[in-house]
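Only one structure is covered here, and it is reproduced in the block below.
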């Protein structure tokens, strides 16, 4: 193992997947403290991890743009192979990721043993054991060929310092004694979204109880955020700030870190919150905790109702297969407020 001086970890899936990889990166840092550790993520995510402790570099791969073809993946892999890596760890099961890994010809390449083509791309393969472990532990399985078998290291997401300063200044402007709730009503997957009118109800209750509310949303989520604000009571609107579309990804993470509590769908921003220890209620509908992508820690609570049709997919489909969306519709604002209010200490 002394020969390992430069390590690459490939995680170009969704935002939450990248955040969930941080404990594995911490375990690698603990085992190889003198090695350069480089994190390869989906293009656009690099700034979020630019100051994460232990990383020598963060690199973007434009899998939805200029580098989306399989030929581009092979070319990128060959380029990476000329950069002096001793160890490569691929966290995906996709053909594109396998082509990148195989093309690098890095001396040791570790990946999952399924699908079949991974056995051609990697020098070492491991069983993901999807039904046995949560996602963080599945990722740690990739370290077993390195004789690393730790529990998940305690890990905190560290946004860039400039974004943290911006968030702290904004928070200070709300008043020293303000209790601040953050609400993120969007998701890439429509069936993961709690009804807008339910979010509006929570916003109204929180402001009436004395909280300030920040409504968040990424690019393309400005409309849903605006509808949440518009549906809140008229009396509450002076205590609501709509930040949808106004923050960079690092700023979004930093603003989350300054909250007293947070309410989100099962989404990437959910992981930005709990990985910073923010008290959180996460709304789970088409997905379930047993899939392994839930928020962890004593401050995190999953709000859900038992239904025989759950889960209906790993991510949740675009449309409810049974045309009722009961998993979200029957998760009432009363039930959610009962979980959220204690986290606000109002």
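The values are calculated or read from the model by the stated rules, or taken from the named source; none is laboratory data. Fair warning: this is a prediction, and the values are worked out from it, not measured in the lab. Neighbour counts are summed over all protein chains in view; Cβ atoms, including those assigned to glycine, are modelled from backbone coordinates with ideal geometry.
Being surrounded by 20 or more Cβ atoms within 10 Å (Cβ to Cβ), touching a strand residue (DSSP E or B) at 6+ places or on another chain (Cβ under 9 Å) and touching a residue at least 60 places away in the same chain (Cβ under 8 Å) is a property that residue 259 has.
Residues in segment 244-256: is at least one in a helix (DSSP H, G or I), free of Cβ contacts under 8 Å to residues at least 60 places away in the same chain and either surrounded by fewer than 18 Cβ atoms within 10 Å (Cβ to Cβ) or touching a helix residue (DSSP H, G or I) at 6+ places or on another chain (Cβ under 8 Å) (or both)? Yes: segment 244-256 contains one or more residues that are in a helix (DSSP H, G or I), free of Cβ contacts under 8 Å to residues at least 60 places away in the same chain and either surrounded by fewer than 18 Cβ atoms within 10 Å (Cβ to Cβ) or touching a helix residue (DSSP H, G or I) at 6+ places or on another chain (Cβ under 8 Å) (or both).
Matching residues to (1) within 23 Å of residue 221 (Cβ to Cβ); (2) over 20 Å from the mean Cα position of the chain (by Cα); (3) modelled with pLDDT of 95 or more:
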{"site": "101", "(1), (2), (3)": "no, yes, yes"}
{"site": "137", "(1), (2), (3)": "no, no, yes"}
{"site": "158", "(1), (2), (3)": "no, no, yes"}
{"site": "167", "(1), (2), (3)": "yes, no, yes"}
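Residues that are touching a strand residue (DSSP E or B) at 6+ places or on another chain (Cβ under 9 Å) and free of Cβ contacts under 8 Å to residues at least 24 places away in the same chain were ranked within segment 289-337; the one that is nearest to residue 270 (Cα to Cα) is 302.
Filter segment 166-213 for residues that are free of Cβ contacts under 8 Å to residues at least 60 places away in the same chain, in contact with a helix residue (DSSP H, G or I) (Cβ under 8 Å, 6 or more places away or on another chain), assigned to a helix (DSSP H, G or I) and more than 28 Å from residue 314 (Cα to Cα) and give the result. The answer is 203, 204, 207, 208.
Have a look at 194, 189 and point out the one that is modelled with pLDDT under 95, within 26 Å of residue 290 (Cβ to Cβ) and either surrounded by 15 or more Cβ atoms within 10 Å (Cβ to Cβ) or touching a strand residue (DSSP E or B) at 6+ places or on another chain (Cβ under 6 Å) (or both). Lay out the reasoning, then the answer.
Values: 194 fails: modelled with pLDDT under 95.
Result of the check over 194, 189: 189.
Take segment 18-49 and flag every residue that is touching a helix residue (DSSP H, G or I) at 6+ places or on another chain (Cβ under 8 Å), within 23 Å of residue 268 (Cα to Cα) and surrounded by fewer than 20 Cβ atoms within 10 Å (Cβ to Cβ). Result: 42, 44, 47. Provide a single number: the residues in segment 319-346 that are in contact with a helix residue (DSSP H, G or I) (Cβ under 9 Å, 6 or more places away or on another chain) and surrounded by 15 or more Cβ atoms within 10 Å (Cβ to Cβ). Within segment 319-346, residues that are in contact with a helix residue (DSSP H, G or I) (Cβ under 9 Å, 6 or more places away or on another chain) and surrounded by 15 or more Cβ atoms within 10 Å (Cβ to Cβ) number 12. When segment 75-93 is limited to residues that are assigned to a loop (DSSP other than H, G, I, E, B) and at pLDDT 95 or above, the one that is surrounded by the most Cβ atoms within 10 Å (Cβ to Cβ) turns out to be 91.
For segment 50-74, the set of residues classified as assigned to a helix (DSSP H, G or I), free of Cβ contacts under 8 Å to residues at least 12 places away in the same chain and surrounded by fewer than 18 Cβ atoms within 10 Å (Cβ to Cβ) consists of 71 only.
When segment 294-318 is filtered for residues that are loosely packed, with under 14 Cβ neighbours inside 10 Å and at pLDDT 95 or above, the ones remaining, listed by number, are 306, 308, 309. Looking at this structure, is residue 302 in a helix (DSSP H, G or I), touching a helix residue (DSSP H, G or I) at 6+ places or on another chain (Cβ under 9 Å) and either assigned by TED's automatic domain parsing to the domain that holds residue 330 or more than 20 Å from residue 337 (Cα to Cα) (or both)? Answer is no for this residue.
With respect to being outside the structural domain of residue 269 (by TED's automatic domain parsing) and more than 23 Å from residue 290 (Cβ to Cβ), residue 126 falls outside the description. A count restricted to segment 28-48 and to residues that are touching a strand residue (DSSP E or B) at 6+ places or on another chain (Cβ under 7 Å) and either within 18 Å of residue 104 (Cβ to Cβ) or not in a loop (DSSP other than H, G, I, E, B) (or both) stands at 11.
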